[in-house]
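S.K.: Before I ask anything, let me first share the structure, which is written out below as structure tokens.
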Amino acid sequence: MPTAPLFSLAAWYSSERRFHPSLDVGRWMLGVGCSAFLFFAGGLATVRAEDGWPEGYVLTDNSPNGRYGVLLPSRLVADALEDADLKNALVDLKTHRHLANIRNAHYFPGQNHHDLHVTWAADSKWCVVTYDGRYGFDAITFVEIRDGKCTQTDLGQHIKKALDAAIARQGHGEDMGGSGTAYLRSGARGQLLVRAYAFTNPKSLEGQPDYRSLFQGTFDPATGKWTRSESRPIQNWDPFETAYNTYLDETLTFPKEADRLAWYDKRLNQVYEAVHIVLPAERFAAVKKQQIAWLKQLEALDSIAAKCQFMGARIQELRQLMW
């Protein structure tokens, strides 16, 4: 029976060349399922390939044009490696080339207290990889793809520094870093829009300082610089968590329809509060006027279902104002 071709994992960890038929992992890999074929000879471990990619790795987060993707190790592969040796790679799906190991990203699907989010530009010329830890982001890396090569920029340190500076103002200069959560999207002019908040007491421990901050920024890939970078103290991060998310009640169930209405009412008030905080006074005055007229329309609806749908649409409209 013919065997599938064998490819090197080390090749795409360390270079931009095509896969090579050998791999020195440097440690025994145990617990392999029947779908993977490994053999060891003098420290040599070779993995049977599937569809041209190393078996035991997962493709995810493809670019909008379908050209690029992120290759992650499975739990099987990750169990044989130290965390620092886990590599998340950006790959070219058309040429089957490894483009770059993403800096400071060591994720595998199902990793405890961690997650990975990839935000792509609409034209697929760049992406931003956010590696989340237990209480917030550990790293945010901007990756620009040009002529088959990648340039990487650490954005997480800038965002964290700005958030921590706003926290320090509340703590009268005391050095206490916050746990930050970031939301990213591609802007209409090819820029990266960043919104983030941080807090100092994620476990809600008694007697611990509880400060919070907000960051709003715009990163320009063309110049590699921040064209906007603002941070400020805030009293509560709950409104911003609701305002920067996109979901409504798609995954929720409610005992009563009245509970659903109450859920929408709470989220609407949170988003409205967040908009009030971030918008200039003159611009918010116009939003407030619109909201008063909108409330009259809401009151005229005669069913809870209609009101929930109407409120959901308004929540999404207000969310757009946060960007």
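The values are calculated or read from the model by the stated rules, or taken from the named source; none is laboratory data. Model, not experiment: these values are computed from the prediction. Using ideal geometry, Cβ is built from the backbone for each residue, glycine included, and neighbour counts are taken over all protein chains shown.
S.K.: Six or more apart or on different chains, Cβ under 8 Å: which pairs go from a residue in the stretch 275-299 that's under 22 Å from residue 245 (Cβ atoms) to one that's of a type in the set (S, T, N, Q)? Could you list them?
M.R.: Listed pairs, sorted by first residue: 278/216.
S.K.: Where residues in the stretch 78-98 are in a strand (DSSP E or B) and surrounded by fewer than 19 Cβ atoms within 10 Å (Cβ to Cβ), which of them is modelled with the lowest pLDDT? Can you show your working first?
M.R.: Taking the stretch 78-98 first, the residues in a strand (DSSP E or B) are 89-92, 97-98.
Subsequent filtering for residues that are surrounded by fewer than 19 Cβ atoms within 10 Å (Cβ to Cβ) retains 92, 97.
On the way: 92: 96, 97: 93.
So, considering only residues that are in a strand (DSSP E or B) and surrounded by fewer than 19 Cβ atoms within 10 Å (Cβ to Cβ), the one modelled with the lowest pLDDT is 97.
S.K.: Additional query: Quick check on my filter: what residues within the stretch 180-194 are modelled with pLDDT of 95 or more and either more than 13 Å from residue 120 (Cα to Cα) or not polar (S, T, N, Q) (or both)?
M.R.: 180, 181, 182, 183, 184, 185, 192, 193, 194
S.K.: In addition: Can you tell me which residue among 174, 144 is in contact with a helix residue (DSSP H, G or I) (Cβ under 9 Å, 6 or more places away or on another chain) and either surrounded by 14 or more Cβ atoms within 10 Å (Cβ to Cβ) or modelled with pLDDT under 95 (or both)? Outline the logic, then answer.
M.R.: On the way: 144 fails: in contact with a helix residue (DSSP H, G or I) (Cβ under 9 Å, 6 or more places away or on another chain).
Sole residue among the options that is in contact with a helix residue (DSSP H, G or I) (Cβ under 9 Å, 6 or more places away or on another chain) and either surrounded by 14 or more Cβ atoms within 10 Å (Cβ to Cβ) or modelled with pLDDT under 95 (or both): 174.
S.K.: Given (1) touching a strand residue (DSSP E or B) at 6+ places or on another chain (Cβ under 8 Å); (2) not in a strand (DSSP E or B), identify the lone condition not met by residue 138.
M.R.: Against the list (1) touching a strand residue (DSSP E or B) at 6+ places or on another chain (Cβ under 8 Å); (2) not in a strand (DSSP E or B), residue 138 comes up short only on (2).
S.K.: Select from the stretch 102-141 the residues that are under 21 Å from residue 83 (Cα atoms), basic (Lys, Arg) and surrounded by 13 or more Cβ atoms within 10 Å (Cβ to Cβ) and list them in ascending order.
M.R.: 103
S.K.: Filter the stretch 233-251 down to the residues that are among the hydroxyl-bearing types (Ser, Thr, Tyr) and either assigned to a strand (DSSP E or B) or buried (at least 17 other Cβ atoms within 10 Å of the Cβ) (or both) and list them by number. First the steps, then the outcome.
M.R.: First, the residues of the stretch 233-251 that are among the hydroxyl-bearing types (Ser, Thr, Tyr): 242, 244, 246-247, 251.
If the condition is that a residue be among the hydroxyl-bearing types (Ser, Thr, Tyr) and either assigned to a strand (DSSP E or B) or buried (at least 17 other Cβ atoms within 10 Å of the Cβ) (or both), then 242, 244 are the ones that fit.
S.K.: Return yes when residue 259 is farther than 14 Å from residue 318 by Cβ, out of contact with any helix residue (DSSP H, G or I) (no Cβ under 6 Å at 6 or more places or on another chain) and at pLDDT 95 or above and no when it is not. Reasoning before the result, please.
M.R.: On the way: farther than 14 Å from residue 318 by Cβ: yes; out of contact with any helix residue (DSSP H, G or I) (no Cβ under 6 Å at 6 or more places or on another chain): yes; at pLDDT 95 or above: yes.
Judged against the criteria, residue 259 is a match.
S.K.: Those residues that are touching a residue at least 24 places away in the same chain (Cβ under 8 Å) and over 25 Å from residue 319 (Cβ atoms), I need them from the stretch 190-211; list them, please. Before the answer, list the steps.
M.R.: Restricting attention to the stretch 190-211, the residues satisfying the condition of being touching a residue at least 24 places away in the same chain (Cβ under 8 Å) are 190-200, 202, 209, 211.
Within the stretch 190-211, 200, 209, 211 meet the criteria.
S.K.: Can I ask one more? Restricting to the stretch 187-211, and then to whatever is under 15 Å from residue 278 (Cα atoms) and in contact with a helix residue (DSSP H, G or I) (Cβ under 8 Å, 6 or more places away or on another chain), can you tell me which residue is surrounded by the fewest Cβ atoms within 10 Å (Cβ to Cβ)? Can you show your working first?
M.R.: Quick first cut of the stretch 187-211, residues under 15 Å from residue 278 (Cα atoms) only: 193-197.
Adding the requirement that they be in contact with a helix residue (DSSP H, G or I) (Cβ under 8 Å, 6 or more places away or on another chain) leaves 194-197.
Numbers: 194: 25, 195: 21, 196: 26, 197: 28.
So the residue we want is 195.
S.K.: Could you look through the stretch 212-232, keep only residues that are in contact (Cβ under 8 Å) with a residue 40 or more places away in the chain and assigned to a loop (DSSP other than H, G, I, E, B), and pick out the one that is surrounded by the most Cβ atoms within 10 Å (Cβ to Cβ)?
M.R.: 221
S.K.: To continue, here is another question. For a quick check of your reading of the model, give me the residue pairs whose first member lies in the stretch 48-77 and is farther than 20 Å from residue 110 by Cβ and modelled with pLDDT of 95 or more, whose second is part of a strand (DSSP E or B) and of a type in the set (Phe, Trp, Tyr), with beta-carbon atoms closer than 6 Å and at least 6 apart or on different chains.
M.R.: Every condition considered, the pairs that remain are 63/120; 64/120.
S.K.: Any residue in the stretch 121-137 that's free of Cβ contacts under 8 Å to residues at least 60 places away in the same chain: show its pairings with residues that are surrounded by fewer than 16 Cβ atoms within 10 Å (Cβ to Cβ) and in a strand (DSSP E or B) at Cβ separation under 7 Å, as long as the two are six or more apart or on different chains.
M.R.: Partner pairs satisfying both residue conditions: 132/115.
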